[in-house]
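Asks: Have a look at this one.
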Amino acid sequence: MNWYVIYVRGRYEKKVLALLKSRQVECFLPLTREVRQWTDRKKVIEEPLIRGYLFVRIDYRNYYGILQLPGVLNFVCFEKQPAIVPDYQIEDLKIFARETSLKLEVSSEAIRKGKFIRVIEGPFCGVVGEIIQLRGKRKIVVRIKALGCSILAELGKNEVAPYAQSEAVVA
């Protein structure tokens, strides 16, 4: 069984998630919490970290059954084959989704290759990423190549250590 990425109708992420769970399909929707201000109150809202995408762990034989579910548009594919997301990238996404105290940003733009690092402190401890510098700040980047996007989080210099590129497995 592998992790795959499915593309769903706009604003249908949670509905498809509930449908998959009701059919005992292992799935994952990374959510972030944000506080929304109305005129009379504040409310904490859970929004998908990556809009329009959901992760499913299935046997390839269940491919067509997933496609027939309401709200599922397609699998994310490369070279006409469904893209497989490595387990470690799903685990990294789960770490990012759990951490609600940091402001996360999802970018669809390609990020040039840099030095690989491993986070050694804080909530992202153990995550391997690619480091970039923007406006003098260091940021860690967990690339999700199968989605064509990147997740950025600001980290302090003391929270990261060099990671040999030969050790890094980038799918």
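Asks: Scan 70, 86, 82 and give me the residue that is surrounded by 10 or more Cβ atoms within 10 Å (Cβ to Cβ) and within 16 Å of residue 149 (Cα to Cα).
Replies: None of the other options fit; the residue is 86.
Asks: Give the residue that is surrounded by the most Cβ atoms within 10 Å (Cβ to Cβ), with candidates limited to residues of the range 1-51 that are closer than 27 Å to residue 87 by Cβ and acidic (Asp, Glu).
Replies: Of everything passing the filter in the range 1-51, 13 is surrounded by the most Cβ atoms within 10 Å (Cβ to Cβ).
Asks: What are the pairs with Cβ atoms under 8 angstrom where one residue, in the range 57-69, is assigned by TED's automatic domain parsing to the domain that holds residue 14 and within 21 Å of residue 89 (Cα to Cα) and the other, located anywhere, is aliphatic (A, V, I, L, M) and exposed (fewer than 12 other Cβ atoms within 10 Å of the Cβ)? Sequence gap at least six, or different chains.
Replies: 57/1; 58/1; 59/1
Asks: Among the strands (runs of 3 or more DSSP E) lying completely within the range 1-75, list those that include at least 2 residues that are within 18 Å of the chain's Cα centre (by Cα), on the phi < 0 side of the Ramachandran plot and of a type in the set (Asp, Glu).
Replies: Those strands (runs of 3 or more DSSP E) span 42-48.
Asks: What's the total number of residues in the range 81-99 that are part of a helix (DSSP H, G or I) and among the hydrophobic types (A, V, I, L, M, F, W, C)?
Replies: 5
Asks: Looking at 61, 51, 23, 33, can you tell me which residue is more than 18 Å from residue 4 (Cα to Cα) and not hydrophobic (A, V, I, L, M, F, W, C)? Steps first, please.
Replies: Details: 61 fails: more than 18 Å from residue 4 (Cα to Cα); 51 fails: more than 18 Å from residue 4 (Cα to Cα); 23 fails: more than 18 Å from residue 4 (Cα to Cα).
Answer to the selection: 33.
The values are calculated or read from the model by the stated rules, or taken from the named source; none is laboratory data. Computed from a prediction, not measured in an experiment: that's the story for all the values here. Note: ideal-geometry Cβ built from the backbone for every residue, glycine included; neighbour counts use all protein chains shown.
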